[in-house]
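What follows is a set of notes on a single structure, which appears directly below.
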Amino acid sequence: MKHVLMLCSLWLVSLGALAGPQINVGVVYDYLSGDKSTYMKRVFNGGTSTAFVKVNILEMIYDADGTYREVPLKDQAGATARDGLMASPARLIVPANGTQGTRLLFMGDRDKERYFRVRFVPVVPQAEDDFAVTDEERADYKASLAAGVRVLAGYGTVFFVRPKNTRFDTALLDSGQRYTLRNNGNSVVVVDEFKDCAAAAPQECRPTLRHHIRAGSSYGFDKEAGREYRFSLIEGDKSRPIAVKG
């Protein structure tokens, strides 16, 4: 069975080389527990000028082979709201050295786990962007960028919406030469801080990894003699350390 590692993305819109708005969204994996419907996501601007940030959301649909597609949200039948995750507000004005939050609200079916790509995109405000700024303020902002502040960095995060009735059931299987974690529950579990180190020299380790194991999927690794494998298995709010010898 294939395991799933869902990556965040960082991109730069380079229009020059001096400091300007520099946003930070904190952690890049967020999880909405089964008994919650809203989640507050905060955006910090550590730059020297105001950040105008758009929040864009797509749903991640997984196919049987473990690949996924990112698709626009659909409207619910007979309802005015969309079926999925929404951001309120979806336009943020974050002052320099300031923080603004957007509330991520989920509406729709929660019989199974769902996944969303949430992108935070800094932009130069345009008239059609619905930012609450006047034409004069917009022109002044563009003029400040033209003077040399021209680097905009955006972030893509992954948002997990757990089923309403979340159930964790992770099987740990040691066949001697291979160690496998099988997710028999109905929500994603995390293999965090996975370290592959020399048993005789615990500080000599390969790069630390993080894996997400979706419901019905597995993650495994071949054991090598003289190696030790350490990680935390995270199931919702619970975490337990695991050590495996090669």
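Take region 55-71 and flag every residue that is in contact with a Ser or Thr (Cβ under 8 Å, 6 or more places away or on another chain) and surrounded by fewer than 19 Cβ atoms within 10 Å (Cβ to Cβ).
Gly66
Given (1) farther than 26 Å from Thr67 by Cβ; (2) touching a residue at least 12 places away in the same chain (Cβ under 8 Å); (3) touching a Lys or Arg at 6+ places or on another chain (Cβ under 8 Å), where does Glu224 come up short, assuming only one miss?
The number of the failed condition is (3).
I'd like to verify a number: residues in region 101-132 that are closer than 19 Å to Gly156 by Cβ and buried (at least 18 other Cβ atoms within 10 Å of the Cβ), how many?
The total comes to 11.
So, of the residues in region 38-54 that are surrounded by 14 or more Cβ atoms within 10 Å (Cβ to Cβ) and at pLDDT 95 or above, which turns out to be nearest to the chain's Cα centre (by Cα)?
Lys41
Looking at region 12-37, which of its residues are in a strand (DSSP E or B) and at pLDDT 95 or above?
Tyr29, Asp30, Tyr31, Leu32
Of all the strands (runs of 3 or more DSSP E) wholly in region 91-147, which have at least 1 residues that are farther than 20 Å from Phe44 by Cα and either at pLDDT 90 or above or not hydrophobic (A, V, I, L, M, F, W, C) (or both)?
Output list reads 98-107, 114-123.
Anything in region 230-246 that is closer than 12 Å to Asp192 by Cα and of a type outside the set (D, E, K, R)? List them, or say none.
Phe231, Ser232, Leu233, Ile234, Ser239, Pro241, Ile242
Sort out for me the strands (runs of 3 or more DSSP E) sitting completely within region 150-246 that have 2 or more residues that are crowded, with 19+ Cβ neighbours inside 10 Å and assigned by TED's automatic domain parsing to the domain that holds Met60.
Per the criteria, 151-161.
The values are calculated or read from the model by the stated rules, or taken from the named source; none is laboratory data. This one's a predicted model, so the numbers in the text were calculated from it and none came from an experiment. Note that each Cβ is placed from the backbone with ideal geometry, even for glycine, and that neighbours are counted across all protein chains shown.
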